[in-house]
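These notes are about the structure you will find just below.
Bear in mind that the values in this text are calculations on the coordinates, not laboratory data. Owing to the predicted nature of the structure, the values given are computational and were not obtained by experimental measurement. Note: ideal-geometry Cβ built from the backbone for every residue, glycine included; neighbour counts use all protein chains shown.
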Amino acid sequence: MAQKITAPRGTKDVLPSEVGTWQLIENTAREVSRLFGFREIRFPTFEHTELFTRGVGDTTDIVQKEMYTFTDKGGRSVTLRPEGTASVVRSIIENSLIQAGLPIKVYYIVPNFRYEKPQKGRLREHHQFGVECFGPEGPEADVEVILLGDTLLMKLGISSVSLEINSIGCPECRAEYHAALRDYFAENLDKLCETCNSRYERNPMRILDCKERSCGQIAEGAPNIIDYLCPDCEKHFEGVKQGLNDSGIEYTINPRIVRGLDYYTRTVFEFISTGVGTQGTVLGGGRYDKLVSELGGISTPGLGFGSGIERLILAMEESQTLPDKSEGPDLFIVAVDEETKSVAAELSLGLRKLGVAVERDLMGRSLKAQMKYASKINASYVAVIGSNEVSAGEVMLRDMDKGIEHSSALVAEKIAQTLRQHLKLKENER
């Protein structure tokens with residue numbers, strides 16, 4: 001027997017029984033994006049490596065440790081996409097979308113790839129819903145994006161989350177803050193991990209985001225960026241807080257939020273899961289006003305967020321809002337004997353042309369086994385066709401949830417009409 005091949009470590013199959021939950025999240029994300037005026041964008045799975053070293057930042061863990069980078073057959077260095085924002089910025093620059101008019105408001109649902117230790121809710125191939133907005137520089141845009149994220153979580157029934165916000169200032173006010181951080185960490189360089197020692201000169205704020213316990217303990221007493229904001233950044237942050245207050249969105253200020261990517265400026269935020277088994281960031285983002293110009297485009301403010309779909313599923317599980325079962329066909333047609341199989345086949349074809357999802361037995365099952373299978377696949381209705389039904393030209397459509405039967409002529413158009421009527425009633429009852 002040949003050796004069994006398994007999925008690579010850090011990847012996961014999404015089975016048919018699980019796909020309904022994914023589709024619910026994806027459809028909800030699309031609908032919420034539409035409500036806020038965001039349109040979908042799609043971009044390549046791999047990019048030139050330089051895009052991420054310049055955009056994400058060469059002091060980040062992503063660039064230093066986690067990227068899937070390889071040399072292609074043409075000798076070019078390419079990288080599987082570790083995050084979506086840099087790709088979106090590259091796309092809007094390359095396709096001259098900024099010149100076509102602002103604001104640009106886009107969303108995406110994509111897989112990302114990071115070589116890191118697999119953990120609950122974060123795999124090496126993980127999936128992300130993200131939104132990006134380019135053009136607005138005022139705090140009302142920050143509030144709008146946060147509201148979009150809050151609306152998504154609300155519509156998914158995720159209640160065990162809290163919003164935390166911070167401002168990490170602009171390059172001008174951060175220079176003074178970096179100096180204060182270097183002064184603070186100078187006495188403890190020998191206690192910091194090797195990675196944080198390399199960050200000390202290049203970007204000491206990254207030390208605040210280190211996952212090493214010893215570094216985190218040292219960072220607890222570090223200065224807060226909010227105390228070093230320039231007047232413009234302070235005014236912007238006050239505007240964000242006022243906008244959230246006006247919108248009735250509760251939040252706390254967490255001066256330790258710096259996010260994991262170098263491109264952020266000013267506002268950063270995270271929706272944190274407060275559930276027993278799902279602590280961690282469910283959705284997070286912020287501003288990146290310098291990123292477009294750093295990647296060669298016209299200086300254009302930007303902001304957005306990303307949310308891992310695997311993390312959203314865990315949060316829905318914690319909030320007990322996962323769908324009860326996967327969606328099945330509208331109708332399962334049971335053929336009683338060989339003579340009625342051709343009738344079932346013809347009827348299935350006609351109903352599908354009318355937009356009705358139909359399945360029938362292809363395995364030669366008995367009548368009892370067909371009924372059991374129809375229940376297993378969550379068919380909404382079952383039609384049993386035998387010689388009596390064919391002779392009478394009439395069939396009973398059995399509601400598999402309620403056990404109620406509805407009579408219909410044994411004609412595709414009539415069955416479709418009856419099903420639509422009762423399926424709509426069932427949908428309204430939910």
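Some notes on this structure:
- P(r), alpha carbons of the stretch 331-421 - 5 Å bins starting at zero, rounded %: 3, 15, 29, 28, 20, 5, 0
- Residue order, fewest to most surrounding Cβ atoms within 10 angstrom, among D361, D232, D246: D246, D232, D361
- Shape category assigned to the stretch 186-242 from the gyration tensor of Cα positions, a/c cut at 1.5: prolate
- Spin-label pair E339/E250, simplified geometry with 7 Å Cα→Cβ offset, distance in nm: 6.9 nm
- Summary of the geometry: the stretch 309-378 and the stretch 168-191, compared by the centres of their Cα atoms, lie 61 Å apart.
- Residue order, fewest to most surrounding Cβ atoms within 10 angstrom, among T69, T252: T252, T69
- Look at where the Cα atoms of the stretch 42-71 and of the stretch 217-265 average out, and the two centres are 27 Å apart.
- Mean Cβ neighbour count within 10 Å, used as a protection proxy, ranking 386-393, 310-317 highest first: 310-317, 386-393
- Positive-end ranking of F52, G101, Y68 along the dipole of the stretch 27-106, with charges on Cβ about the Cα centre, is headed by G101.
- Rounded Å value of the spacing that divides the Cα centres of the stretch 74-115 and the stretch 123-152: 15 Å
- For the pair K414 and Q320, the difference between a 0.36 nm per residue extended length and the Cα-Cα distance amounts to 30.0 nm.
- Highest-fluctuation residue, R39, R256, R398 considered, GNM on the chain with Cα pairs under 10 Å: R398
- You can think of it this way: the chain between K353 and N388 has 10.0 nm of extra reach, that is 0.36 nm per residue less the Cα-Cα gap.
- Shown here is the pair-distance distribution of the stretch 90-147: with all Cα-Cα distances grouped in 10 Å bins from zero up to the longest one, the shares run 18, 35, 30, 16, 1 percent.
- Sequence-distant lysines (8 or more away, or on other chains) whose Cα lies within less than 24 Å of K368: K325, K341, K376, K402
- Long-range HN-HN contacts of N112 with modeled amide H, under 5 Å: H126, H127, Q128
- About its Cα centre, the dipole of the chain is roughly 1100 debye, where the only charges are +1 on Lys and Arg Cβ and -1 on Asp and Glu Cβ.
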